[in-house]
Amino acid sequence: MKAKNKKHVICGERCKSCGLCVEACPKNTLAIGQTLNGQGYNIVEQIRPEDCVLCGLCRIVCPDVAIGVVESD
Amino acid sequence: MRTNCTFSGSGGQGSALLAKLICQGAMKQGLQVVMTQTYGIEQRGGDSTGYVVVSDSRIGNPLVENDADVSVALSPTIYEGCLDGSAVGGLVLANSSLITETREREGVKQVLIPASDIAVELGSVKCANIVMLGAVLEATKVLEFATVEEVLRDLMGAKKPALLEMNLKALEKGRALYLSAAE
Amino acid sequence: MVVRRNVIRYSLAVDEKKRSNLKTIASESYMKSETLFLKNAQTFAEAMVRCGVRYHFAYPITPATEVMKHTSVILPQYGGRMVQMESELAVANALAGCACTGTLGATSTSGPGMSLMQETISYMAGGELPCIMLDAMRVGPGDGDIVGAQSNYFQATRGGGHGDYRVIVLAPASGQEIVDIMPEAVKLAYTYRTPVLFVIDGVTCTMTESANFPEPHDYASEFDTSSWAFTGTGDHPKRYLLTGSYTHSQGEELNNHLLAKYERIKEEEQRWEEIQVDDADVVLVAFGIHGRMGQDLVSNMRADGKKVGLIRPISLWPFPDKAFEKLPESVKSMLVVEMNHGQMLDDVRLAVNGRLPVHFLGKTGGDMPLCTLAEMTAKINTLL
Amino acid sequence: MQELAKIYGETLLLDKKFSYCPGCGHGIVTRLVAEAIEAFGIRKRTVSVVGIGCGGFSHHYMEIDAIEAMHGRAPAVAVGYKIAKPENIVYTYQGDGDCSAIGLAELLHTANRGIPVTCFMINNNLFGMTGGQMSPATLEGQVTSTTPKGRDVHQHGYPLRVPEMMADMRGAKYVAREAVYDAKSIRKAASSVRKALDCQMKGLGFSFVEFIVPCPTGLRLSVSDSYKWNKEKMVEYFKPQVFKNEMEQNDEN
């Protein structure tokens, strides 16, 4: 079986910097960053991408469909 | 040609059915009809009146407004109303089995028909309304007898032959009574 | 008398194939014209079903209940159903839901029920949803009384609900006219995508009379609703019925669109009957039962050499202004007769626009809740 | 965004940003509903009947037909729709004000009627759009803009538990309350959304799910605190659970 290629993505335009993903991340890899998006919110960013285990909890708790782990072949 | 009819009685005397039979017959003869009934507590007893307008052309005023050409009074409680609601030149057919006190009204012809007594003789007091129907038909010629007989057959023919027989007799008897009483 | 019919059960679980079979059965049995002797409320039911209404939502209220009793018997044979809801609020909204699928539904009610439905009628007017409605008018205000009246003229023609809207209002005066106008009502509902409201006084509704019904014809299915119905995104991009979350400009656009539609209806859909207005001294203006009585009034008074004419509005909205534009010089005054304290009177006065005196005779409630022919005649005699 | 579309498919319109406030629970429930529609492949025959309030926006983010109903009347609209077009899937998406204040009669009768439609009630325990007024679900003592000294139950009655009422209705076949305060509860909520829609797809009867969600703006709390408050206070009174699941036994019929 071919292993799935997983990738952590953030859609900065949708983020409202509510911080729920930051709290949900079991490895503390996320933080509210300094970059502002078009709506005027600070976009969440991966501060320790190397620690990310691609568990996808950030996607589940995000109320704005702005973050997640995408699979591709 | 328009005929205004009023059929009144106490609840259960079949005045509404009488009105409906006239309407059914009229429709068979291609006439137009409107039937109105009084509102109120009549469904639970008390007096009930069916008003029928029969016409060979489009019916404008659908109401009978104290201008009945023919009125049937089955019970004493509505007798006065029938007399007052009659047109000048109109006819009141009173059930003399129950209506024992009558009075005259200028310009209104009254014919007494002992409908309830006759109905009992024929087998059921319930067919008093049909006795009256026979009298109405004879008096007004508003419908053909044959048409009304057909309506009765449609209504009770197949299922209740004995009932039909009695009602046809009642119809005929009503006609005869009117002829003899009106003389 | 209602022709006895076999009742075919129909439930939501019935699949499409069975549904179409039901329709075939119904059409085979009842594809004939016939004269029926029905209460006019039943005539309304029979007429709308024969014209293609398949879903009737209602809540019992005298004197409109006869309609739902009748449709509960006949609709299943046409593959439809009568749905008794828990309130008139629910009735109107289920009707709106039905209309969203592009299907023509109907309801029937009386004054208090009509008041409860107003919010949704406003909604359906704004959402351009077609439906057929009957207000069997009785005496108000409040719970009022079950005797017939014409007390809901304002509510019907001005819109009892909020916002700048109108619905087409038809006022047939007899059972036969209900039958004759029903195909028109279906066409109006679909052509203009609007609720069509029948207002018939309770006396007329509870009256039983003969009416000739033509062969049933499903007018409703002749209209293509695929350009607007909310049937799912299978064959169109996302559609939504927007009533609340629009922008200010969308709101203005909607209202301008409705205004243009209403102007078109006013221009093209005025309906009335007139009798011997051409040389009349006095013109009687009455709708519904009084209009019907007016036929007799005109012929009786004409027989006495009195020049009386009649204008009987059949569409109450749009009000038949055109009938008043070309009144002959001979007309000295008008008399409006209603089963209320003067509602259509306002429209007649607007139509006449001060050119003539407009008098009024009205009555509402009581054992005889309408003006008799004798009373109308007496009043006109004072105007001649 | 393109990348995220791989997860969500065609139902969710990712080019339309949610207009909900930051942290609003509506966003989560809207997404769960869209995911279930996508998973079942019913997008083309699904119609959303939304109520008035913030929930009224939910359909804008999905490529499905939608009807914005009058305040509280969405279940009646859904019934009329389903009767005329039973092959389509109809769900209502209403807030607690819409569903349990002004629209309680329609909701309960729809549940009792048992016509297969689905109602989602998003309970943020106040009127969000109009600025955080008390709703039937507001907790005892809770301060809102219309209960400045806290909800006084002697004056305003008690917080209303809706699914408890509906569980008793024979027309209802799936009734649940869910929450969204953490990933675990959201997963459960997702399962209930699927079951509720499945119940309708199978034509079994009415299905209902209440979601306990926070409204950080209306509660005047930080996002984080509003979720904590949900988890601690709301859930204590409004306990998430599946009240009724008669889907299995109906399968046998």
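Quick look at the values:
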| read-out | value |
| --- | --- |
| Two-site FRET efficiency, A:Asn5 against D:Ala39, from Cβ-Cβ distance with R₀ of 25 Å, rounded to 0.05 | 0.65 |
| Peptide ranges C:313-325, D:77-89 listed from the most packed, as the mean C-beta count within 10 angstrom indicates | D:77-89, C:313-325 |
| Ranked C:Phe154, D:Phe211, C:Phe287, criterion: other C-beta atoms within 10 Å, fewest first | C:Phe154, D:Phe211, C:Phe287 |
| Exercise: per-residue mean of other protein chain Cβ atoms within 10 Å, D:58-71 | 6 |
| Lysine pair number, Cα distance threshold 22 Å (strictly under), chain B, separation 8 or more or different chains | 22 |
| Antiparallel DSSP beta bridges within region B:2-182, as percent of all bridges there, nearest 5 | 50 percent |
| DSSP-defined beta bridges in chain C - what % are antiparallel, rounded to 5 | 30 percent |
| Distribution of pairwise C-alpha distances over region C:154-253, 5 Å bins, in % | 2, 9, 14, 15, 19, 15, 10, 8, 5, 2, 0 |
| Long-range HN-HN contacts of C:Arg271 with modeled amide H, under 5 Å | C:Ile314, C:Ser315 |
| Sorted by Cβ neighbour density within 10 Å, fewest at the top, the residues C:Val83, A:Val69 | A:Val69, C:Val83 |
| Residues with amide H under 5 Å from that of D:Ile122, placed H, sequence gap 5 or more | D:Gln94, D:Gly95, D:Asp96, D:Phe211 |
| Beta bridges per DSSP with both ends in the protein assembly as shown, % antiparallel, nearest 5 | 40 percent |
| Whole-Hz ³J(HN,Hα) from phi, Karplus 6.51 cos²θ - 1.76 cosθ + 1.60, for region D:204-220, glycine and proline x | 7, x, 6, 9, 8, 9, 9, 10, 8, 10, x, 10, x, 5, x, 7, 6 |
| Spin-label pair A:Ile47/D:Tyr8, simplified geometry with 7 Å Cα→Cβ offset, distance in nm | 2.7 nm |
| Likely footprinting exposure, C:Thr206, C:Thr62, fewest C-beta neighbours within 10 Å first | C:Thr62, C:Thr206 |
| Helix runs (DSSP H) in chain B reaching 15 Å along axis by Cα, Kyte-Doolittle at least -1.0 | B:15-28, B:128-140, B:145-156, B:161-182 |
| Order by protection proxy (mean Cβ within 10 Å, highest first), peptides C:213-220, C:250-257 | C:213-220, C:250-257 |
| Residue-by-residue Karplus 3J(HN,Hα) for region D:153-161, coefficients 6.51, -1.76, 1.60, Hz, glycine and proline x | 5, 6, 9, 10, x, 9, x, 8, 9 |
| R0 of 35 Å, Cβ-Cβ distance C:His341-B:Glu106: FRET efficiency to nearest 0.05 | 0.40 |
| Helical mean residue ellipticity (222 nm; -39500 (n - 2.57) per DSSP H run of 4+; nearest 500) of the protein assembly as shown | -11000 deg cm²/dmol |
| Interchain or long-range residues, amide H under 5 Å from D:Ala179's placed H | D:Ala189, D:Ile212 |
| Cβ neighbours within 10 Å from other chains - mean over D:42-52 | 4 |
| Paramagnetic reach from D:His154 in region D:209-250 [backbone N under 19 Å; point 7 Å along Cα→Cβ] | none |
| Relative packing of A:34-41, C:341-348, which averages over residues the other C-beta atoms within 10 Å, highest first | C:341-348, A:34-41 |
| Computed over the protein assembly as shown, Kirkwood Rh from alpha-carbon pairs, angstrom | 30.9 Å |
| Spin-label pair D:Glu87/C:Ser227, simplified geometry with 7 Å Cα→Cβ offset, distance in nm | 2.4 nm |
| Proximal lysines relative to D:Lys82, as straight alpha-carbon distance under 25 Å, when same-chain residues fewer than 8 apart are discounted | C:Lys17, C:Lys18, C:Lys23, C:Lys69, C:Lys187, C:Lys238, D:Lys44, D:Lys173, D:Lys195, D:Lys202, D:Lys244 |
| Selection from B:Met132, B:Asn167, B:Ser48, by position along the positive dipole direction of region B:2-182 (Cβ) | B:Asn167 |
| Pairwise label distance in nanometres, B:Leu179 with B:Lys160, each label 7 Å out on the Cα-Cβ vector | 2.8 nm |
| Phi to ³J(HN,Hα) by Karplus 6.51 cos²θ - 1.76 cosθ + 1.60 over region C:326-342, Hz, x for Gly, Pro | 10, 5, x, 4, 4, 5, 9, 7, 10, 10, 9, 10, 9, 8, 6, 9, x |
| Average beta carbon contacts from partner chains per residue of C:72-83, 10 Å cutoff | 1 |
| Reachable lysines, given that their alpha-carbon falls under 24 Å from the alpha-carbon of A:Lys7 and they are not under 8 places away in the same chain | A:Lys16, A:Lys27, D:Lys6, D:Lys16, D:Lys17, D:Lys184 |
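Rule-based calculations on the coordinates, nothing more; no lab input. None of the values given here were measured: they were computed from a predicted structure. Cβ coordinates were reconstructed from backbone atoms using ideal geometry, including for glycine residues, and neighbour counts include every protein chain displayed.
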